[in-house]
Every structure is written in C-alpha cells, then in structure tokens.
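What follows is one structure encoded as structure tokens, with my remarks underneath.
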Amino acid sequence: MLISIIIALSYSLINLMGKQLSLFEKENTQILEYNLFNSTLINDTNNSTKFTFDNEHLKLEFYDNSSIGYRIKNNIILRDMANKTDTFKINVVSHSFKQKSENKYSKDFLHLQLVLLKDTINVNYRLKSNTAESINKQLFNED
C-alpha cells in the first residue's frame, strides 16, 4: 500500500512538472517571437530611406531600391520581402500609424498594442524619415 501511494505521488509530481515545462516553453516562445520581431523592425526602420503607410500596411524602402512591407493580419505580423514572407506570431490587439508634427521635422510612429504573457503592452516605433528630405523641409520649406 505504501509503494502504491509513493507511485501515485510520483506520477502526480511528474505530470505537474510536465505541465509547468510546457507552460514555460509557451511563454519563452512568445518572448523570443516578440524579441525577434522587435529587433527586425528596428533594424529595418533604421536602414530604410523612405517609408509609406496606410491603416493596414507599412512599406519601407532602401537605397538599393528594395522594399520590405509589414502587414498585420489575424493576430500575426507578416514581413513581406521580394522573394519570401516572414511570420511573427504575436497577438496584436490594435495597431495604428500616428503622424505627429510638433516641429518642422516629421515624426511618424507605428503604435502597436500587443498581448504578451497575458499582459497588454503598448509599443511605439519611430519611423525615420529621409535625412535629406528633413533638411530640405527645414531649410528650403519644400514639401
């Protein structure tokens, strides 16, 4: 009888540990997916020379005439390039592009509201405008 109690407790303990490891793996995957998306978007925006956006799509253009597009669709983020599409499985609650112009420099932001580890977070990404265009706007009042 004592051995059967020990076996039952051992089975329950192993089952509980398996569930905890599975939960840890899901949380770790969410964090890694977000970190990959975050670093990729920051790198792309820092290297881009021009960007355009509407409510559903962000398009970044580069010096070599290539472009990368970001779309948010069914709680995933798609990164479209010339010959492939990357998928980031991040639960996106809402997204918006905000155009702010407090001064002569254009400050555009991509605002995302994400669910990460059962918590809602808000992130803003500053979209860099072309430096030459910013200087021309300030010095020569060009639009």
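The table below gives the values:
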read-out	value
Residue selected from region 90-114 under the condition touching a helix residue (DSSP H, G or I) at 6+ places or on another chain (Cβ under 9 Å) and within 30 Å of Lys26 (Cβ to Cβ), by the criterion modelled with the lowest pLDDT	Leu110
Some residue of region 71-93 being touching a residue at least 40 places away in the same chain (Cβ under 8 Å), under 26 Å from Ile121 (Cα atoms), of a type in the set (Ser, Thr, Tyr) and out of contact with any Gly (no Cβ under 9 Å at 6 or more places or on another chain)	no
Filter pass, Asn35 being outside any helix (DSSP H, G or I) and free of Cβ contacts under 8 Å to residues at least 12 places away in the same chain	no
Members of region 44-68 found to be out of contact with any helix residue (DSSP H, G or I) (no Cβ under 9 Å at 6 or more places or on another chain), of a type in the set (S, T, N, Q) and outside any helix (DSSP H, G or I), listed by number	Ser48, Thr52, Asn55, Asn65, Ser66, Ser67
Yes/no for Gly69 being surrounded by 10 or more Cβ atoms within 10 Å (Cβ to Cβ), under 29 Å from Asp119 (Cα atoms), small (Gly, Ala, Ser) and in contact with a Lys or Arg (Cβ under 9 Å, 6 or more places away or on another chain)	yes
Qualifying residues in region 26-80 (those that are basic (Lys, Arg) and within 12 Å of the chain's Cα centre (by Cα)) - the one farthest from Ser94 (Cα to Cα)	Arg79
Selected residue (only one of Leu41, Leu16 is assigned to a helix (DSSP H, G or I), in contact with a Phe, Trp or Tyr (Cβ under 7 Å, 6 or more places away or on another chain) and not β-branched (Val, Ile, Thr))	Leu41
Selected residue (criterion: modelled with the lowest pLDDT) from residues of region 115-138 that are part of a loop (DSSP other than H, G, I, E, B) and farther than 18 Å from Tyr34 by Cα	Asn130
Any hit, region 33-55, residues being among the polar types (S, T, N, Q), exposed (fewer than 10 other Cβ atoms within 10 Å of the Cβ), modelled with pLDDT under 90 and at positive phi	no
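The values are calculated or read from the model by the stated rules, or taken from the named source; none is laboratory data. All figures in this text were calculated on a predicted structure; none of them were measured in a lab. Glycine gets a Cβ as well: all are built from the backbone with ideal geometry, and neighbour counts include every protein chain shown.
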